[in-house]
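Scroll down for the structure; my scribbles are underneath it.
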2 protein chains.
Amino acid sequence: MLGDVVELSVVVRDLEAAVERYTRLFGLMVHHRGESKEFGFKNAILPIGIGHIELLQPTDPDKAVGRFLARHGEGVYLVGFECQDIPGAVAHLRREGARVDGRRPDIAWVHPQDAHGVLVELRHRESYG
Amino acid sequence: MLGDVVELSVVVRDLEAAVERYTRLFGLMVHHRGESKEFGFKNAILPIGIGHIELLQPTDPDKAVGRFLARHGEGVYLVGFECQDIPGAVAHLRREGARVDGRRPDIAWVHPQDAHGVLVELRHRESYG
């Protein structure tokens, strides 16, 4: 069900400081920047290999990304894995009692409490980038 | 410098519970088990795609893995990236002021405080598994 890691989301306190450090230390480049009022973050996408690193700064302490930062400090928040059959994976996970947000055919999320602290994202090949 | 993610180390409280969950929910299989008295953990390696997930349970609360669990709870502890030129990467990182353990030609580690909470591992292709 889980293929290669294609996304790694890292929660940071200061997006600009993190972008400066990741580009300078690791030779990465920013491919895209975005912001989500709904989910309370701003982000930068830095491609690596077949996928990307996403640096995420919370903009709302009461939403999930902000709560993660307050509770855990900076670090890996979400890992996205290649998955060729999202609806099949979602059905299997639900049968096994996992909490899954599986409303979309191309991407799904497994609750971190069901994966020992990892917010697992399942991504279909067309949805990388 | 950073290629694909080839290792994802997840610190867990109970290795057997985590192995049971990751195999049942995600269809993974245990390829190898190990223990390190020096670094204070026991682990299980579960292949995915070109790399693997490592589940890590601390066996000594005073060593790095145990301190991570006490401070952060369960979650992603280390991310290993493919890197074709470890000595070149280590030299670059040191010039840029990052703290790097680069004693070996095939694997190196960047201090998590220099990568916004991510313990970055650089791995040469021959050192996956």
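Listing for the model above:
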{"quantity": "Total formal charge among the other residues, if their Cβ is under 9 angstrom from that of B:Ser9, Lys/Arg +1 and Asp/Glu -1", "calculated": "-3"}
{"quantity": "For A:57-65, mean number of other protein chain Cβ atoms within 10 Å", "calculated": "0"}
{"quantity": "Separation of alpha-carbon centers, the stretch A:84-129 and the stretch A:1-40, rounded to whole Å", "calculated": "21"}
{"quantity": "Charge sum, other residues only, whose C-beta stays under 13 Å from B:Leu78's C-beta, Lys/Arg counted +1 and Asp/Glu -1", "calculated": "-3"}
{"quantity": "Per-residue mean of C-beta atoms belonging to partner chains within 10 Å, peptide A:11-18", "calculated": "2"}
{"quantity": "Selected from A:Leu25, A:Leu119, A:Leu46 as most flexible by GNM, with chain A as the system and alpha-carbon contacts under 10 Å", "calculated": "A:Leu25"}
{"quantity": "Fully extended contour minus Cα-Cα distance, from B:His31 to B:Lys63, at 0.36 nm per residue", "calculated": "9.0 nm"}
{"quantity": "Inter-copy separations for A:Arg104, label at 7 Å along Cα-Cβ, nm, ascending", "calculated": "3.8"}
{"quantity": "Accessible area expressed per residue, the stretch A:2-73, with surrounding protein chains retained (probe 1.4 Å, Å²)", "calculated": "47"}
{"quantity": "For peptides B:8-16, A:76-84, B:83-91, sequence by mean Cβ density within 10 Å, most packed first", "calculated": "A:76-84, B:8-16, B:83-91"}
{"quantity": "Cα convex hull volume per residue for the stretch A:1-63 (Å³)", "calculated": "95"}
{"quantity": "Inter-copy spacing of B:Gly3 label points, which lie 7 Å from Cα along Cα→Cβ, given in nm from shortest upward", "calculated": "1.8"}
{"quantity": "Cα-based shape type of the stretch A:65-129, given that a ≥ b ≥ c are square roots of the gyration tensor eigenvalues and the cut on a/c is 1.5", "calculated": "oblate"}
{"quantity": "Charge context of A:Glu96, other residues only, Cβ under 15 angstrom, K/R +1, D/E -1", "calculated": "+3"}
{"quantity": "Projected label distance in nm at A:Thr23 and A:Phe39, using a 7 Å step from Cα toward the beta-carbon", "calculated": "2.3"}
{"quantity": "About the Cα centre, charge dipole magnitude for the stretch A:1-90 (Lys/Arg +1, Asp/Glu -1 at Cβ), debye", "calculated": "280"}
{"quantity": "Nearest-first distances (nm) between copies at A:Phe39, label 7 Å from Cα via Cβ", "calculated": "3.1"}
{"quantity": "Angstrom value of the Kirkwood radius, inverse mean 1/r, which spans all Cα pairs in the protein assembly as shown", "calculated": "18.5"}
{"quantity": "Helical mean residue ellipticity (222 nm; -39500 (n - 2.57) per DSSP H run of 4+; nearest 500) of chain A", "calculated": "-7000 deg cm²/dmol"}
{"quantity": "Taking only Cα atoms of the stretch B:1-125, radius of gyration then Dmax in Å", "calculated": "14.8, 45"}
{"quantity": "Relative contact order, percent, chain B [alpha-carbon distance under 8 Å, six or more residues apart]", "calculated": "26"}
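The values are calculated or read from the model by the stated rules, or taken from the named source; none is laboratory data. Not measured: the values here are computed from a predicted model. All Cβ positions, glycine included, derive from the backbone under ideal geometry; neighbour counts span all protein chains shown. Areas reflect the complete protein model, heavy atoms only, side chains present, ligands, DNA and RNA absent. Shrake-Rupley method; radii C 1.70, N 1.55, O 1.52, S 1.80 Å.
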